[in-house]
Amino acid sequence: MWGARETVSLNTDPVIRLLEELVAIDSVNPSLAPGSRGEGEIARRIAAECKSAGLIVDVVDVEPGRPNVVGVLEGRVPGPALMFCGHLDTVGVAGMDAPFVPVHREGRLYGRGAQDMKGGLAAMLGAARVVAESGGLERGALIVAAVVDEEHASRGAEALVERWSANAAVVTEPTDLDVAIAHKGFQWVEIETRGRAAHGSRPADGRDAILRMGRVLNRLEAIDRQLQTQRPHALLGTPSLHASIIAGGTEWSSYPDQCRLKVERRTVPGEAEDIALQEAGAVLDHLRREDWEFDAAAHGVFGRGAYEIDPANPLPAMLIGAASAAGCQPRRVGMTFWSDAAILGAAGIPSVLFGPGGAGLHSPGEYVRVADVLKCRDALVGLAREFLR
Ligand SMILES: [Zn+2]
């Protein structure tokens, strides 16, 4: 049935068969692509996988038909808890001919979500199964959490930390088998300039809102230049900002009375939660001082903080040890993208990211390296055994 079946000969490991199944299930985030089915079906498959591996399973709707799945393997005596966490949803499938047909080619598995992040999900579920089937855990608990909605508003991770906690977590987002100990955050700000509508032939009456936004854009570009020349964060580089969407005006022959600009600011650890709004506010204040008629406002729309694990936390070193023993050559790195690790971290669960390599995230050519999925699984098994000894 799947293209995968004919071409597979080496990929008979149960983790890769599970990965093929997960890629074959449509779990496009319905908030990104209205009408999509969401995470219900993949959640059922993962709940069944946890059950058959002997885990205790907790399935809770975050929104109707969109459940988080948590599987727990309990040790023989109480002790610390280690969590593996991954998201069930994917971005949309525009431009893909057969997004849910997993195809193997040259050691890669192609399909929507293969790398982001069904490869990581399969690896963490596979790791829990190996631990369960090879004598179980001496102490503590291994928690595997599969959450909804990471690609939109991360309501799944927010719901997860209300019910569950752990002493450490690995988010199995794609890191090319490096150990990511930090990632950037982002803030979205909307700026509106207001003018006065008038016939295009009557400059004395009109106030051009779009040209006024030009002044704002000039100053934002200067801020971006300044941000990108400041001293970089050791792993994440510098912060930055860019204009995302602009809209204004109604017709050729009229002065536009309004222009709206959406701006995104990417942040590094240590920056204020409202830094983007502060910067936009300072720009508008400056332009008002230059021109008493300048009329504009800015407001914050959404944002998520940057993340960095406490440098004294032993988790990264422990995972690097386990990954090296599994045949990886992990480095400590930072990721540019935001992740649920920030939500876990803010809830008091020290977290790192560690997942298989591949390419084409959020694009039609998405793939994950099959060998990396197996190494990721083996590294997670080693970490669980070490952490829950
Ligand atoms: Zn992801």
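Looking at LEU109, LEU121, LEU73, LEU88 in this structure, which one is modelled with pLDDT of 95 or more, buried (at least 20 other Cβ atoms within 10 Å of the Cβ) and either acidic (Asp, Glu) or under 15 Å from GLY365 (Cβ atoms) (or both)? Walk me through it before giving the result.
On the way: LEU121 fails: either acidic (Asp, Glu) or under 15 Å from GLY365 (Cβ atoms) (or both); LEU73 fails: either acidic (Asp, Glu) or under 15 Å from GLY365 (Cβ atoms) (or both); LEU88 fails: either acidic (Asp, Glu) or under 15 Å from GLY365 (Cβ atoms) (or both).
Selected residue: LEU109, the only one of LEU109, LEU121, LEU73, LEU88 that is modelled with pLDDT of 95 or more, buried (at least 20 other Cβ atoms within 10 Å of the Cβ) and either acidic (Asp, Glu) or under 15 Å from GLY365 (Cβ atoms) (or both).
Across the range 162-174, the number of residues qualifying as surrounded by fewer than 24 Cβ atoms within 10 Å (Cβ to Cβ) and within 16 Å of the ligand (Cβ to nearest atom) comes to 0.
Taking the range 69-92 as the range and being of a type in the set (Val, Ile, Thr), more than 15 Å from the ligand (Cβ to nearest atom) and more than 16 Å from LEU125 (Cα to Cα) as the test, only VAL77 passes. Scanning the range 279-313 for residues that are under 26 Å from the mean Cα position of the chain (by Cα) and surrounded by fewer than 13 Cβ atoms within 10 Å (Cβ to Cβ) gives HIS299, PHE302, ASP310, PRO311, ALA312.
Those strands (runs of 3 or more DSSP E) of the range 48-164 in which 2 or more residues are within 17 Å of LEU18 (Cβ to Cβ) occupy 66-74, 77-87, 103-105, 108-110, 139-147.
When restricted to residues that are within 16 Å of the ligand (Cβ to nearest atom), surrounded by fewer than 24 Cβ atoms within 10 Å (Cβ to Cβ) and among the acidic types (Asp, Glu), the range 124-153 contains 1.
Within the range 362-386, how many residues are in contact with a Pro (Cβ under 7 Å, 6 or more places away or on another chain) and more than 28 Å from TRP164 (Cα to Cα)? Total meeting the criteria: 3.
Every residue, every condition in (1) at pLDDT below 95; (2) in a helix (DSSP H, G or I); (3) within 17 Å of the chain's Cα centre (by Cα); (4) within 16 Å of the ligand (Cβ to nearest atom), yes or no:
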| site | (1), (2), (3), (4) |
| --- | --- |
| ILE320 | no, yes, no, no |
| ALA323 | no, yes, no, no |
| PRO330 | no, no, no, no |
| PHE337 | yes, no, yes, yes |
| ILE343 | no, yes, yes, yes |
| GLY355 | no, no, yes, yes |
| VAL373 | no, yes, no, yes |
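For the range 175-206, residues that are more than 16 Å from the ligand (Cβ to nearest atom) and outside any loop (DSSP other than H, G, I, E, B) total 13.
Quick check: is even one residue across the range 244-261 under 19 Å from the mean Cα position of the chain (by Cα) and surrounded by 14 or more Cβ atoms within 10 Å (Cβ to Cβ)? Scanning the range 244-261, I find no residue that is under 19 Å from the mean Cα position of the chain (by Cα) and surrounded by 14 or more Cβ atoms within 10 Å (Cβ to Cβ), so the answer is no. One residue stands out in the range 259-273 among those that are in contact with a strand residue (DSSP E or B) (Cβ under 6 Å, 6 or more places away or on another chain) and not basic (Lys, Arg): the one that is farthest from ALA204 (Cα to Cα), namely PRO269.
Kindly check whether there is at least one residue in the range 169-176 that is under 26 Å from GLY334 (Cα atoms) and among the hydroxyl-bearing types (Ser, Thr, Tyr). Step through it out loud before you land on a result.
Looking only at the range 169-176, we keep the residues that are under 26 Å from GLY334 (Cα atoms), and these are 169-176.
Then keep just the ones that are among the hydroxyl-bearing types (Ser, Thr, Tyr); that gives 172, 175.
There is at least one residue in the range 169-176 that is under 26 Å from GLY334 (Cα atoms) and among the hydroxyl-bearing types (Ser, Thr, Tyr).
The values are calculated or read from the model by the stated rules, or taken from the named source; none is laboratory data. Quick caveat: nothing in here was measured; it's all calculated off a predicted structure. Using ideal geometry, Cβ is built from the backbone for each residue, glycine included, and neighbour counts are taken over all protein chains shown.
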